[in-house]
1. How many partner chain Cβ atoms sit within 10 Å of a residue's Cβ in peptide B:31-43, on average, as a whole number?
2. Could you tell me how far the Cα centroid of the stretch A:377-401 sits from the Cα centroid of the stretch A:29-62, in Å?
3. Arrange the residues A:365, A:347 by how much accessible surface each exposes, largest first, with a 1.4 angstrom probe.
4. Hey, what number do you get for the protein assembly as shown at 222 nm if only DSSP H runs of n ≥ 4 count, each worth -39500 (n - 2.57), divided across all residues, to the nearest 500?
5. Ignoring everything but the protein chains, give the 1.4 Å probe accessible area of residue A:146 in square angstrom, nearest 10.
6. Taking Cα atoms, how many degrees apart are the long axis of helix A:115-124 and the longest axis of chain A, rounded to 10 and kept between 0 and 90?
7. Over its Cα atoms, what ratio of radius of gyration to 2.2 N^0.38 Å does the protein assembly as shown give?
8. Can you give the relative contact order of the stretch A:97-215 as a percent, counting alpha carbon pairs under 8 Å and 6+ residues apart?
Amino acid sequence: MLDSEVRQSLLQWLGQERFRDDQETLVTHSYDATPMLQSLPDAVVYPETTAEVQSILRLANEHRIPIVPRGAASNLCGGTVPVQGGIVVAMSRMNKLLELDTVNLTATVQPGLNTKKFHQEVERRGLFYPPDPSSMVISTLGGNIMEGAGGLRGLKYGTTKDYVIGLEAVLPSGEMIRTGGKLYKDVAGYDLTKLLVGSEGTLALITEATLKLLPAPGVRQTMLVAFADIYGAARSVSRIVGARIIPATLEIMDQATIRVVEDYNHIGLPTDVQAILLIEQDGQELEHVKKDMNDIKNICAAEGATDIRMAQDEVEAEQLMMARRSALSTLARISPTTILEDATVPRSAIADMILAINRIAEKYRVNICTFGHAGDGNLHPTCTTDARNEEEIHRVEEAFAEIFEEAISLGGTITGEHGVGTVKAPYLEWKVGNAGIDVMKGIKQVFDPAGIMNPGKIFAKSSRKRLVISK
Amino acid sequence: MSSPNPKVERVPSLLTLQQELTKQLDYNELMNCMRCGFCQPSCPTYQETGIEAASPRGRIALMKAVADGVMEPDESFRQQINLCLGCRACEPVCPSDVKYGQLLEQTKSVLFEQQLRSAKKNEQNEAADGSGYKSESNRPPNMKRLHKLVKPAFKSHNRMLSLSVLLEKYQRSGLQRYAAKKKLLRFLPDHFQTLERILPQADSQGVAKRVNASFLPAKGERIGTVGMFRGCIMDVLFTETNVNTVNLLRESGYDVVIPEAQGCCGALFSHSGDLETAREFAKKNIQAFAEAKVDYIASNAGGCGAMLIEYDYLLKDDAEWWAQAEHFSEQIKDISELLLRSERWKSIESIDEGLADQEHTSQSRANHAPQDTITYQDSCHLRNVMKAGRGPRQLLRLLPDLNYVELEGAEGCCGSAGIYNLLQPKMANDILDHKMGKVNETGASIILTSNPGCLLQMKIGVEREQAQDRLKVMHVVDYFAEKVMK
């Protein structure tokens, strides 16, 4: 429960429509898409202006009340679960596309704007915003920025952090800062824009963002390649990029994933193969795209591809891409609980990593389906389990700890695009080390001395002991 | 289920309701929701409010919180459940295949029983809601009493026909005009007044009397026997549509049977939680069509069809009826699908006879044949439950010389949702007004639908826009019949 004085102030500023603390609202803001995590906030507010956000944060800071910024709550790291209660700041009413600047090729948006809607608006003008997280039908740009969201096009075009060039953000003190701008070059001091991207709401609350746009590629071709042998698929990935071809999309799905996806979508995927690659190339010239696709085809054939299919039209291409886009949620059909991770390794180590995941899954007797952005080394080992089975959940946790360990030992990381949140906080030290954690905590201290911004995220009370992996 | 002990009935407590919900809700199904939120873009009430609790993910979280004992199923909970249209647009987009409709029905059925028990209790304090949506339903009609009142009419088709005589008399005798002139209905809520104005002319004969037979042989090559599900309200207010349905089926090569013993599908009862009555009606229909020995059962109302096609689920725990119910469900087909199966409509000649010999270039068409610009509003239950949303579109595309414009957001509910527009007028009208904005963008002069509720709702939309001169609303069947039948 909020202090009655605080409650009164918020109610007075926002009215009862935009300040809510009834049971129904609290319950429906106690979760995000992360399994097995739920915690009630004390109140939910819906600001409409930067000034309101400033007042809310200043008040919360004075009273040491946790602030949890919330977009669509579709993240997978527990990023928007109010684990220490407090005020959830729902950004759904700050959802406007403020400007599309076709001279500077930038867009200025409010954080609550839906990612898919933004894509549609941008594409209508012949422009292109590449970050395309699988959750984009529901996710918000603010959420994408806070979690540093990736997507299927990361290999060629990078991720959200490569497109955010300016931010307006409110500090817990209530002060507002502006970073960057419509500038492709800007070295005035530390790069606070990049620092805030992926900060998971632990430093400041963003109220506006300036995003970089590209001219839309005119041509796109999509191909599906099946491999009887998963090694062949992994080797193809390395060889394609080794041949100086950077596909717009280079995705891998293992057999378990393929079977479930096909069962749900009925798009004619071959279910008897060990792996398929979904490959997309785009560009301005049909000739160049065709040549790339042809070279890729030859590489895959040389690596033992059993089936190579080129989408004949947009509809077919979209269907093939749908298969991959819905992989996570589709896996959810085969079990009550689905735990999805995003261990990431250098591209050259992708084959080793997939093999390690299979070995680890077998060791702990758990079912793990793997799919992901093979081109950029970002894999999604996904475990289908049941939260009610404590003994199995324990084995799942052990398996994932070992997967993270393996990823780091291959030169990778514990999370490529989901963020640390609460779920991976115990493993952060494995990746960044003691000194790394200290630097991060120091930065947090400067932004948020009272520690009200999304507490309990990124930094764990205690780090997990490292496992010793016998090779 | 009501308790046999009357003492328990008199002292309903929140705890009892909570326990009842915990018992009735399918916990596996609640667990199945992974809270990905993919349902939210498809949910009309979420799109209108932007409120998490007014979305499928939110409502499932509320149900689960109740089942987990985290939350009391209070008045606010009931209102949030009632605010759901039940359009089930969230189901086809759910990657985890959560059976939201079943969860909703389980919840409604418990709430319905509870309302019955607490009917004598005074009105509870209503939860205030700043959005103004839920407060609409602060004093909902006592559904149980309403059901008791209307059940006899729905139970017997003859009674429904006799009752409709009253409406017919009212409309034809000049009383309706008199009432309008003297503003006699001004004390009714606005939405009832609007409905009264747009209601079609009632026909107390019904389809069987109009075609003067209960069996009508196929024309041309026979391809099967179809049992005509005539509906209850459908048969009174849309008799012409039923007559056209029968004629089109015969023309397609089907023998048509109209079993006399059939009755209401039960949707009105099931959707408000009265599953007992729904089951009673289901058994009657299953029996009627089993005796008629048909290959398919034709439905021309998405709402009824969806109810009929789920009789297998409705009777899943009934050992005696389940197998028959499953067979019945398999036989249910939307009229569009049955027409599309026939070869008869594969090549429809141009309506404009003069064009027959000419070269069919778009140029010559534009010069000679005046084209209708039409658009189509989905019936949610036809699309999301019967999974036959493509049928009406395919059927319309068979017609030459018309300009079909897809309605943006056609897959979203129009706000009708059975009798939702009478129970939740504010939400229904907000949804409808947005819908009409999209209709205007199509430039269509005819809106087609495939369900009577949607048809009436779109008529209300036209009336609200004062667009009667430029916009017509028709059932797909009537439009198709008008174009192809001489």
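1. Numbers: counts 7, 5, 2, 14, 10, 14, 9, 8, 2, 5, 5, 1, 0.
Shielding by partners across B:31-43 averages 6.
2. When both Cα centres are located, 30 Å separates them.
3. On the way: A:365 160, A:347 80 Å².
The ranking, largest first, comes out as A:365, A:347.
4. On the way: 42 runs with 424 residues, N = 957.
Using -39500 (n - 2.57) per qualifying helix, the result is -13000 deg cm²/dmol.
5. For residue A:146, the solvent-accessible surface is approximately 20 Å².
6. Approximately 70 degrees, to the nearest ten.
7. Details: Rg = 30.1 Å, N = 957, 2.2 N^0.38 = 29.9 Å.
Normalised by 2.2 N^0.38 Å, the Cα Rg of the protein assembly as shown equals 1.01.
8. Working: 228 pairs, mean separation 37.3, N = 119.
Relative contact order for the stretch A:97-215 comes out at 31 percent.
The values are calculated or read from the model by the stated rules, or taken from the named source; none is laboratory data. Note that the structure is a prediction, hence the values are computed from the model and not measured. Every residue, glycine as well, gets a Cβ built from its backbone with ideal geometry; the counts of neighbours run over all protein chains shown. Just the protein is used for accessible areas: all its heavy atoms, side chains included, with ligands, DNA and RNA removed. Shrake-Rupley method; radii C 1.70, N 1.55, O 1.52, S 1.80 Å.
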